[in-house]
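Asks: Before I ask anything, here is the structure I am working with.
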Amino acid sequence: MRTSTLAPTTAATPTPQATAALGPVKTRRRPVLIIASVAALLLSALGGVWLWTAATSSVEVVVAKAAVPRGAVIAASDLMVARVSLDPAVASIPAGEVSTVVGQRAALDISAGGLLTPDAIAPETVPAKGQTVVGLSLVDGMLPAIPLKTGDDVRVVQTPGAQGQVGDVSPVTIAAKVVAVTRSQDGQFALVDLLVSADAAPDLAARAATGRVAVVLDSRER
């Protein structure tokens, strides 16, 4: 009787290639997509900050609803309130003061939609009826060293002639009010606009043309 013996069986050992094939699949991250995602998040955050800043820094101010020519009386229908973002350095009229603008005159031409500033309005037209603005060109020494301001009360005084002698007669003086003061382009002359009565304007203009006038500042106390 023949007996057969079976050879011991051994479990097959997986090859390294097979082991690697059964491992977890690794995904490759794309740097471009990561950068784009981060950029989108940053832009979204910046947009939110900008919107918050714009909302908190905006103010309600008075603007012109219709064009108003210089010298015209400003009516309520000429005005409206708008919310805008303004630099604190920009002059404006708050919406709560719109009633103070009604009835005043435009000191300059105001375009529709334009921002109203304190300099754009005046209680009356300059020059008003019966008044005249006369311009003087003065060298230093013919006006005070103290800077003249709009609204200052001054007197224009006729100075001595070429001989420089002061006579016994009191010099001619003309009362006036300062409208504006600027300097010539070369800086050698002060250009002073003075408001005087219409009757005194011809005399003042004639004396100013001789170059023999000086401006003195009267008290600023009211």
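The values are calculated or read from the model by the stated rules, or taken from the named source; none is laboratory data. For clarity, every value in this text was computed on a predicted model and none was experimentally measured. So basically every Cβ, Gly included, is an ideal-geometry build from the backbone, and we count neighbours across all protein chains shown.
One line per residue, one yes/no per condition, for (1) part of a loop (DSSP other than H, G, I, E, B); (2) touching a helix residue (DSSP H, G or I) at 6+ places or on another chain (Cβ under 6 Å); (3) not assigned by TED's automatic domain parsing to the domain that holds residue 136:
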site	(1), (2), (3)
175	no, no, no
181	no, no, no
186	yes, no, no
190	no, no, no
195	no, no, no
202	no, no, no
211	yes, no, no
222	yes, no, yes
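Asks: Six or more apart or on different chains, Cβ under 7 Å: which pairs go from a residue in the range 63-83 that's outside the structural domain of residue 100 (by TED's automatic domain parsing) to one that's of a type outside the set (D, E, K, R)? Could you list them?
Replies: Note: no pairs meet the criteria.
Asks: I'm checking my understanding of the structure. Among residues of the range 91-124 that are among the β-branched types (Val, Ile, Thr) and either outside the structural domain of residue 70 (by TED's automatic domain parsing) or in a strand (DSSP E or B) (or both), which one is surrounded by the fewest Cβ atoms within 10 Å (Cβ to Cβ)?
Replies: 121
Asks: If you check every pair at least six apart or on different chains, which have Cβ atoms under 6 Å apart with a residue in the range 144-161 that is over 18 Å from residue 202 (Cα atoms) first and a residue that is part of a loop (DSSP other than H, G, I, E, B) and not aromatic (Phe, Trp, Tyr) second?
Replies: 153/218; 160/166
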